[in-house]
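Worksheet: one structure, shown below.
Nothing in this text is a laboratory measurement; each read-out follows from the coordinates by a stated rule. Everything numeric here is computed off the predicted structure, so don't read it as measured data. Cβ placement follows ideal geometry from the backbone for every residue including glycine, while neighbour counts extend to all protein chains displayed.
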Amino acid sequence: MDDLLKTLVDKGLRRETPTREEALAVLRTCDDELLDVVAAAGRVRRRWFGRRVKLNYLVNLKSGLCPEDCSYCSQRLGADTGILTYTWLKPQQAADAASAGVRGGAKRVCVVASGRGPTDRDVARVSETISAIKESNEGVEVCACLGLLKEGQAGRLREAGADAYNHNLNTSQAAYGDICTTHEYADRVETVERAREAGLSPCSGLIAGMGESDEDLVDVVLALRELDADSVPVNFLIPFEGTPLGQEWNLTPHQALRILAMVRFLCPDIEVRLAGGREVHLRSLQPLALHLANSMFLGDYLTSEGQAGQADLDMIADAGFVVEGAGEATLPAHRRQERAHERVAVRLRGAGTELPPNA
C-alpha cells in the first residue's frame, strides 16, 4: 500500500497518468487505509491548486420536459418526480439569479437547460443571457450546459462570451447503454470535442453510484483525460423516486472519498469539482473531500437542494481552505498556456468553424 501511494504521488507531482490497475487499486483500498489515501491525493491537490477552493453556481434556465431517457435524471422522458417545470428564463431573470451566486463567492456561473440539445434559436436566446450575466457581474466566468451541440453552435456561444461548456460523459462507454437509449456515448464525446475545438474550456464529468463497476469508474475518468477536460465534476447519484434508478443507494462516505481520490490521481492538474449528491453521500465527511477536490458548487443543484451557502463557506474556512478569488487563475500555468495556444488557433480559423477529422 505504501509503495502504491508513493508511486501515485510521484506521478501526480510530475503530471503523469497512473495505470488503470493503479487507479483500480485506489478504489479497492480498505477503510483502515482511507486516511492515508486522502493524505496522498491531498499532496497532489495542493501541488497544483494550493488550498484554494473555486465556487460555482448553477442557474437552471429551463427545467423538465426533456425527451431523453437518461435513467438517473429527474427531468427524463416520462419521469414522475414532481419537480418544478418551466420554460426559458428571461435574460435579466437569469442575470439576477447569477448575481446572487456571485455575491456568495462564486466565480463561475453555469447556465443549464434541459433537453437533447439547443436549436439555433435557443443558442441565440442563451447568447443574450450570457451577455446579460456578464454585464451584471464583472469578471465572472460563464459555462453553458445545453446538451448535445450541432456544428457551429459552440463557436456562436464562444462569440457570445461563454468561457466554458459542460457536457458530462457520466459513465464508461461500456456501461452507457444501461443508463440511456435515446442517444449514444459517442454523441457526448463529440459535443465535448466541439466545445474544445471552438475555444471553449471543456468541462465534463461523471456520476458515481448508478450500479457501475470499479472498472467503469476508472474508464470514464481515463476517457475524460483523453478528451483533455479542464474541469471534471464528480456527481454522486441522487436517487429520485419516479426514475429507474430511484432505489439505487450504492455508495458509502468512504467509497465516495476513494472515488474522489482516484479522480485526483488520474487528473492531477485538472479542476476536480464536488458536484451533485455530495451532501447526501459524503455527509459529515465533506470537509475531507476538500483535500481531494479544488472546486465545488455553491447552494442548490438543478432539481435538488444543496447545503446552505453559508454552511459551505463555513466548512471551507473550518477545514483550512480559502475561497478562490475572482482575479485568481484556477488552472496551473502550463494548462492555461495550452488553452491560450488553442484559442489563438481558433481565432485564426474562425470560432464558428471546426477542425477537420483527424486534424
Self-check item: For region 172-182, 3J(HN,Hα) per residue [Karplus equation, 6.51 cos²θ - 1.76 cosθ + 1.60, θ = phi - 60°, Hz, x = Gly/Pro]
Solution: 6, 4, 5, 9, 4, x, 7, 10, 7, 10, 8
Quiz prompt | Using θ = phi - 60° and Karplus 6.51 cos²θ - 1.76 cosθ + 1.60, couplings along region 209-225 (whole Hz; Gly, Pro as x) | solution = x, 8, x, 6, 8, 4, 4, 4, 4, 5, 5, 5, 5, 4, 5, 5, 4
Exercise. With a point put 7 Å past each Cα toward its Cβ, work out how far residue 241 is from residue 225 in nm, to one decimal.
Key: 4.2
Self-check item: Simple label model, 7 Å out from Cα along Cβ direction - residue 30 to residue 250, nm
Solution: 2.4
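Where does the charge balance sit around residue 259 when Lys and Arg score +1, Asp and Glu -1, over other residues with C-beta under 12 Å from its C-beta?
Numbers: positive: 28, 258, 264, 278; negative: 212, 214, 216.
With Lys, Arg at +1 and Asp, Glu at -1, the net is +1.
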Quiz item: Applying the Karplus parametrisation 6.51 cos²θ - 1.76 cosθ + 1.60 with θ = phi - 60° to the phi angles of region 109-126, what ³J(HN,Hα) value in whole Hz is obtained for each residue in order, glycine and proline being reported as x?
Solution: 10, 9, 9, 10, 9, 6, x, 5, x, x, 7, 5, 5, 4, 4, 5, 5, 5
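Going by how many other beta carbons lie within 10 Å of each one, how would you line up 335, 347, fewest first? Working shown, then result.
On the way: 335 19, 347 10.
The fewest-first ordering by Cβ neighbours comes to 347, 335.
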Quiz prompt | Summed residue charge, Cβ within 9 Å of residue 202's Cβ, Lys/Arg positive, Asp/Glu negative | solution = -2
Quiz item: Taking amide hydrogens as modeled 1.01 Å from N in the peptide plane, which residues meet the under 5 Å criterion relative to residue 273, leaving out close sequence neighbours?
Solution: 232, 234
Quiz item: For Cα extents along the principal axes in Å, which listed value, (1) 55, 47, 43; (2) 48, 44, 42; (3) 66, 54, 35, comes from the coordinates shown?
Solution: (1)
Quiz prompt | Amide H contacts under 5 Å for residue 54, placed H, 5+ residues apart | solution = 295, 296, 324
Quiz prompt | 21 Å Cα-Cα threshold exceeded, pairs from 90/134; 11/107; 107/150 | solution = 11/107; 107/150
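Extension gain residue 84-residue 151, at 0.36 nm per residue separation less the Cα-Cα distance, in nm? Provide the component values of the computation, followed by the final result.
Numbers: separation 67, 0.36 × 67 = 24.12 nm, distance 3.13 nm.
Roughly 21.0 nm would be gained on extension.
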Quiz prompt | Residue-averaged 222 nm ellipticity for the chain, from DSSP H runs of 4+ at -39500 (n - 2.57), nearest 500 | solution = -13000 deg cm²/dmol
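Relative to the present Cα-Cα distance, how much length would full extension add between residue 16 and residue 103 at 0.36 nm per residue of separation?
Details: separation 87, 0.36 × 87 = 31.32 nm, distance 3.74 nm.
Additional length available on full extension: 27.6 nm.
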Quiz item: Using 0.36 nm per residue, how much length does the chain from residue 322 to residue 178 gain when fully extended, once their Cα-Cα distance is taken away?
Solution: 47.9 nm
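Which order do 318, 187, 216 fall in if you start with the one that has the fewest other Cβ atoms within 10 Å? All intermediate terms of the calculation are to be shown ahead of the outcome.
Details: 318 10, 187 17, 216 20.
Ordered by Cβ neighbours within 10 Å, fewest first: 318, 187, 216.
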Practice problem: Sort 228, 163 so that the residue with the fewest other Cβ atoms within 10 Å of its own Cβ comes first and the one with the most comes last. | Solution: 228, 163
